[in-house]
Amino acid sequence: MKVSRRSHVPPFAVMQVLATANERRAAGHDVLNLCAGEPSTGASDVVREKAAELLRTADLGYTESLGVPALRREIAGHYRRWYDVDVDPARIAVTTGSSGGFLLAFLAAFDVGDRVALARPGYPAYKNILAALGCEVVELDCGPDTRYQPTVSQLMEAYYAGGLDGLVVASPANPTGTMLPPAELAALARWCEEHDVRLISDEIYHGIAYSTDVQQATAAMYADSGAVVVNSFSKYWAMTGWRLGWLVLPDELVGPVDALAGNVALSPPALAQHAGVAAFSPAGYAAAAENVARYATSRAALLDRVDELGWRPVAPADGAFYLYGNVAGFRDAVGGDSVTYCRRLLAEADVAITPGADFDTVGGGDWVRLSFAAAPEVVSRAVDRIVAWHRTL
Ligand SMILES: Cc1ncc(COP(=O)(O)O)c(C=O)c1O
């Protein structure tokens, strides 16, 4: 029987690394896994306790398709608290992780054949979901000169080359961790508004930032101009498996997203939504901040040892919990590109990291991504092992 052409999205190279890492662990190896883009701690105690209580007392049936009112109100309060921005809870859609939010936002904003620009390197799901929905993905080649973020001049070029309907940005970005300074986000938002291009801003790593030079800005400030914000409980609140995220929508997308959400999934997970309210309590924020302090310790230790690692250049890692480093200098020594580098590092030193090909199908063969969301001692042992392994090559 036929399998749809749209379902032919590329598999992630990291899945092979993960499968091998799991096999080696099962065979008794002490594998240090720095592939995963998730905190090792899990949800805060206050969220877990709330969930335990709800399991005993609540009926946990379907909820409103845009999410329970109490959580939408808390999310709106978060915008006031963090960004001093007023967001009407009616414009917030609670989603099944930000992944579910992307699907709904793209469905509501774009038609088959629409051209949507995004940065390369970048998080691969954007382009794979867009391609599966029949959109044309316009990759913008973003390197160190633009701090791996798209610029207005790149947008102009793409626009005059064939028109543009959308732009997806992420700040802090995965895999580079770079952030869009407020003035640059404002310039992109303004350009998008003037050219009738829908801006989609992935803010899932907000709150996980280290640079005092670059402030965190939200596109929720530009919702009047049609911008959509995508966010999640997965990273800052360390709730990956709870599958909870949200969108901040411009007025004209609220109805379409409501209708789509009801049809696609009825509602986001009820337990996660009700318990997620507790993430916005002082204890919820405090637990998240403790995690960020731990990532900052790991990041500082890693950046101190970049010369020893020999990964040059590395992307700035202003935020998120990734170090994206160039391993082109090891091509001859490992006998291949970063996929070979990662395969051999795992087989010979039991350290699992992600090859850049997952984020950049053009230049990713020269890059690797190390996640420092694990405990600092795990990250430090991993660096020891990588440095020792390099000496054996
Ligand atoms: C940049 C970025 N956006 C979105 C996601 C999806 O996360 P979730 O669906 O758990 O919210 C990830 C996951 O790693 C990510 O790195």
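What follows is calculated from the coordinates using simple rules that are stated; it is not laboratory data. Being a predicted model, the structure only gives us computed values, none of them experimental. So basically every Cβ, Gly included, is an ideal-geometry build from the backbone, and we count neighbours across all protein chains shown.
Tabulated data for the structure shown
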{"read-out": "Some residue of the stretch 381-389 being within 25 Å of the chain's Cα centre (by Cα) and not hydroxyl-bearing (Ser, Thr, Tyr)", "value": "yes"}
{"read-out": "Yes/no for PRO150 being over 25 Å from ALA272 (Cβ atoms) and within 13 Å of the ligand (Cβ to nearest atom)", "value": "no"}
{"read-out": "Among residues of the stretch 330-350, those that are touching a Gly at 6+ places or on another chain (Cβ under 6 Å) and part of a helix (DSSP H, G or I), counted", "value": "1"}
{"read-out": "Number of the condition not met by MET15 [criteria: (1) within 16 Å of the ligand (Cβ to nearest atom); (2) more than 30 Å from ALA375 (Cβ to Cβ)]", "value": "(2)"}
{"read-out": "Residue match in the stretch 106-123 (condition: touching a strand residue (DSSP E or B) at 6+ places or on another chain (Cβ under 8 Å), within 12 Å of the ligand (Cβ to nearest atom) and within 19 Å of HIS195 (Cβ to Cβ))", "value": "yes"}
{"read-out": "Residue in the stretch 188-205 that is nearest to VAL137 (Cα to Cα), counting only those that are of a type in the set (Val, Ile, Thr) and within 15 Å of the ligand (Cβ to nearest atom)", "value": "ILE200"}
{"read-out": "Complete set of residues in the stretch 77-105 that are away from the ligand (no atom under 11 Å from the Cβ), within 21 Å of the chain's Cα centre (by Cα) and surrounded by fewer than 23 Cβ atoms within 10 Å (Cβ to Cβ)", "value": "HIS78, TYR79, TRP82, TYR83"}
{"read-out": "Hits in the stretch 1-23 (condition: within 19 Å of VAL362 (Cα to Cα) and surrounded by 13 or more Cβ atoms within 10 Å (Cβ to Cβ))", "value": "VAL9, PHE12, ALA13, VAL14"}
{"read-out": "From the options ALA261, ALA320, ALA301, residue that is under 22 Å from the mean Cα position of the chain (by Cα) and more than 14 Å from the ligand (Cβ to nearest atom)", "value": "ALA261"}
{"read-out": "Residue list for the stretch 266-282, restricted to those being surrounded by fewer than 15 Cβ atoms within 10 Å (Cβ to Cβ) and part of a helix (DSSP H, G or I)", "value": "PRO282"}
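Here is a yes/no grid of residues against (1) in contact with a strand residue (DSSP E or B) (Cβ under 6 Å, 6 or more places away or on another chain); (2) buried (at least 19 other Cβ atoms within 10 Å of the Cβ); (3) closer than 20 Å to MET179 by Cα:
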residue: THR340; (1), (2), (3): no, no, no
residue: PHE359; (1), (2), (3): no, yes, yes
residue: VAL362; (1), (2), (3): no, no, no
residue: SER371; (1), (2), (3): yes, yes, yes
residue: ALA375; (1), (2), (3): no, no, no
residue: VAL379; (1), (2), (3): no, yes, no
residue: VAL387; (1), (2), (3): no, no, no
residue: THR392; (1), (2), (3): no, no, no
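Condition check ((1) surrounded by fewer than 24 Cβ atoms within 10 Å (Cβ to Cβ); (2) in contact (Cβ under 8 Å) with a residue 12 or more places away in the chain; (3) within 14 Å of the ligand (Cβ to nearest atom); (4) acidic (Asp, Glu)) across all residues:
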| residue | (1), (2), (3), (4) |
| --- | --- |
| GLY207 | yes, yes, yes, no |
| TYR210 | yes, yes, no, no |
| ALA217 | yes, yes, no, no |
| ASP224 | yes, yes, no, yes |
| ALA227 | no, yes, no, no |
| SER232 | no, yes, yes, no |
| MET239 | no, yes, yes, no |
| ARG243 | yes, yes, yes, no |
| LEU247 | no, yes, yes, no |
